[in-house]
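The values are calculated or read from the model by the stated rules, or taken from the named source; none is laboratory data. Small disclaimer: the values here were computed from a predicted structure and weren't measured. Heads up, the Cβs are rebuilt from the backbone with ideal geometry, glycines too, and the neighbour counts pull from every protein chain shown. Calculation scope for accessible area: heavy atoms of the full protein, side chains included, ligands and nucleic acids excluded. Shrake-Rupley method; radii C 1.70, N 1.55, O 1.52, S 1.80 Å.
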Amino acid sequence: MTERSEGKENGSVPPPPGFVEQANVSDAGIYDEFEENWPGCWERAAELLDWYEGYDEVLNDEDAPFYEWFVDGRLNASYNCVDRHLESGRKNHAALKWVGKLKETRTYTYQDLHREVNEFAAALRDIGVEEDDVVTMYMPMIPELPIAMLACARIGAPHSVVFAGFSADALATRMESADSGFLITCDGYYRRGNAFNQKSQADNAVLRLDNEITTVVVDRLGDELDHVLGEGQYGYDDLIRANAGATVEPVEREAGEALFLMYTSGTTGEPKGVVHGTGGYLSHTAWTSKAVLDIKPDDTYWCSADIGWITGHSYIVYGPLALGATTVMYEGTPDYPDRSRVWEIIERNSVDIFYTAPTAIRAFMKWGSEYPEAHDLSSLRLLGTVGEPINPRAWKWYYKNIGNENCPVVDTWWQTETGGMMVTTLPGVGDMKPGNAGPAVPGVSVEVVDDAGEAVESGEAGYLTVDKPWPGMLRTLHDGDGRYVDEYWRGFSRPDDDKWVYFSGDEARIDDDGYITVLGRVDDVINVSGHRLGTMEVESAIVGVEGIAEAAVVGSDGTETSIYAYAITEDGYDADASLRDEVATAVENGIGGFAQPEEVVFTTQLPKTRSGKIMRRLLEDIANHEPLGDTSALRNPEVVGEIEAIDGEEE
Ligand code: 6R9
């Protein structure tokens with residue numbers, strides 16, 4: 001590294017001057033300005049959108065923690081992400097550049113996008129979708145997915161996108177919970193070059209549901225996978241053809257009305273249906289796309305997340321399209337057909353901004369710098385990461401080898417529930433500290449607190465909380481307002497003093513400059529290659545196997561975080577390879593192949609506290625070959641030696 005990039009004594013790296021000159025936000029005064037004028041400061045975000053009806057009030061907190069942002073404002077997300085860019089003379093500008101698995105490409109200009117979103121919105125109405133009906137989508141990374149999302153937004157039908165890697169069971173659970181009668185899926189897709197039958201998964205899910213489901217099937221594979229449309233099933237292309245040239249007036253939605261649902265894992269086995277509104281969510285994602293990702297309308301921007309997760313919703317679809325930029329969507333994986341794929345896509349499309357996850361960066365690093373070196377990456381202006389903590393070594397590798405020390409790296413902390421970014425440096429303003437996400441976004445207020453809810457001293461670990469509402473925040477949980485309050489607002493709030501504090505479930509440290517280092521989850525949620533999973537969900541799939549009495553799963557950090565499962569067999573059952581296979585199959589069927597444990601360790605007991613709780617932290621240390629922390633709270637300390645011995649034998 002050069003002297004400059006090694007930065008100051010405390011390891012911080014100033015933003016590259018060439019970047020600052022052109023940044024959307026470069027005045028450090030923005031922090032004070034936002035603080036002094038809170039919540040009015042958030043009008044800066046709302047002003048990025050077009051409203052049919054202006055809001056009367058920025059924030060109504062009378063019914064906290066059910067906050068109302070941009071009260072009585074009316075807008076439509078599809079209009080904001082599509083139509084208005086036609087009106088502003090950008091109709092021939094590329095909106096979506098799709099790069100297919102087998103190197104096919106498709107580009108949709110804003111006009112193309114407008115046409116297909118309208119036709120599909122008309123089709124949705126034809127098949128009976130009404131305002132506020134929840135439409136589930138179970139699709140891989142194909143253009144029809146964002147098109148369907150925007151079509152739903154147009155008619156005020158909240159979408160619920162379920163990651164395509166989830167199993168039929170997991171899809172059925174989410175559809176049932178959302179009371180969703182509509183499903184949009186596809187025949188199949190390519191996984192490492194092989195055709196995978198997605199429709200049979202979707203059909204199996206529908207069979208499990210009591211109510212009638214209307215299904216739309218996108219033909220992704222052509223003749224490769226012949227599929228038959230059954231009763232209540234429509235072909236996407238047929239619907240589009242039948243509605244050729246149709247236009248649908250965007251429905252005016254109140255700011256607080258739902259734009260979408262997104263299921264995410266929590267501490268219990270039941271996934272949580274996070275509900276996002278329209279006005280606050282879109283303002284927050286548009287504003288952070290501009291201030292943090294520095295997106296400008298002429299940029300080609302690529303976020304490598306999957307649209308099946310929140311990052312793809314906020315920063316492939318809604319944020320960048322609200323700003324009128326070109327968003328790249330990639331169907332494949334970074335190493336197929338070879339390890340140059342990502343750099344080739346950046347070079348070929350002159351990508352200006354690249355946003356990815358630490359797990360991918362660690363893989364790139366392992367593969368070696370010769371792959372990026374063989375490509376011209378000089379179009380890049382800014383790099384971002386999200387999803388889990390990034391270690392300083394990976395951060396520096398990314399900064400140097402991909403950004404050539406010319407591109408700021410924004411390490412953005414946020415969650416499904418927050419809707420948009422919450423903690424990160426502003427790339428044109430603040431110094432970066434590798435391994436350290438940064439301060440709260442202007443207008444966002446975070447605090448790291450102890451068990452009693454008091455702010456911890458700088459440098460000490462505590463719970464990461466948000467002590468003021470923010471526009472992108474979830475509205476509630478679809479499963480009920482009570483669960484919403486219990487899950488997020490019980491721990492540190494003092495309702496009697498009308499003080500409401502949101503708990504993220506993360507542990508963090510804060511330094512003297514107010515920079516946050518996120519340490520990881522303190523609840524029973526694990527992060528598997530950027531996919532958030534509840535330990536309970538995986539464990540309940542495992543104990544469903546005959547012969548398994550009890551199970552505990554933890555995350556282990558390799559290049560990719562993977563799952564380690566510890567299981568106890570019932571008397572009379574052999575802890576053998578076939579039982580191990582059954583465990584793997586149960587997880588595949590219950591959740592999806594991506595959640596399969598890397599290791600299944602059979603043991604006679606699990607480490608438990610005196611109150612009978614499994615001490616996952618200890619299993620995590622064993623899985624990661626780390627020194628064991630405090631074991632004094634264990635009821636059965638002898639278990640540690642036993643598990644370590646088995647682990648050792650297996651390696
Ligand atoms: C956007 C997204 C949320 C959890 C979150 C935290 C972890 C996300 C992070 C990060 C450290 C970052 N996380 N970004 N940890 N540094 N920059 O990932 O949403 O899938 O809901 O996961 O991910 O643990 O609580 P989601």
Task: Derived scalar couplings ³J(HN,Hα) [segment 297-305; Karplus, 6.51 cos²θ - 1.76 cosθ + 1.60; whole Hz; x for Gly, Pro] - done: x, 8, 7, 9, 10, 10, 10, 8, 5
- [ ] Please label the shape of segment 181-271 as rounded, prolate or oblate, based on the square roots a ≥ b ≥ c of the eigenvalues of the alpha-carbon gyration tensor (a/c under 1.5 means rounded; beyond that, a/b larger than b/c means prolate, else oblate).
- [x] oblate
- [ ] Run the quick spin-label model on E224 and N624: label points 7 Å from Cα toward the beta carbon, then report their separation in nm to one decimal.
- [x] 3.8 nm
TODO: Only bridges with both residues in the chain count here: give the DSSP antiparallel percent, nearest 5.
DONE: 60 percent
Task: Under 5 Å, built H, 5+ apart or other chain: amide partners of T476 - done: V275
- [ ] When a/c is below 1.5 the answer is rounded, else prolate if a/b is larger than b/c, else oblate, so apply that to the chain with a ≥ b ≥ c taken from the square roots of the Cα gyration tensor eigenvalues.
- [x] rounded
Open item on the list: For a quick check: with amide H placed at 1.01 Å from N, whose amide H comes under 5 Å from E447's, ignoring anything fewer than 5 positions away on the same chain?
Closed with: T465, V466, D467
Open item on the list: Using each residue's phi in segment 24-31, evaluate 6.51 cos²θ - 1.76 cosθ + 1.60 at θ = phi - 60° and report the 3J(HN,Hα) Karplus result to the nearest Hz, with x for Gly and Pro.
Closed with: 4, 10, 9, 9, 5, x, 4, 5
Task: Pairs beyond 22 Å (Cα-Cα), from K97/K296; K91/K296; K400/K433; K272/K433; K101/K272; K366/K396 - done: K272/K433; K101/K272
TODO: Could you provide, to the nearest whole Å², the per residue accessible area of the chain with probe 1.4 Å?
DONE: 38 Å²
Open item on the list: Suppose each label sits 7 Å from its Cα in the direction of the beta carbon; what would the E370-A549 distance come out to in nanometres?
Closed with: 5.3 nm
Task: Top positive-direction residue, dipole computed over segment 1-129 with Cβ charges, set N37, V25, G128 - done: G128
- [ ] Enumerate the amide H contacts of Y355 below 5 Å, restricted to partners 5 or more residues apart or on another chain; note that Pro and chain-start residues carry no placed amide H.
- [x] W302, C303, S304, G384
Open item on the list: Please report the spacing between the Cα centers of segment 529-589 and segment 241-302 in Å, no decimals.
Closed with: 34 Å
TODO: Specify the inter-centroid distance of segment 362-417 and segment 205-222, based on alpha-carbon positions, in whole Å.
DONE: 39 Å
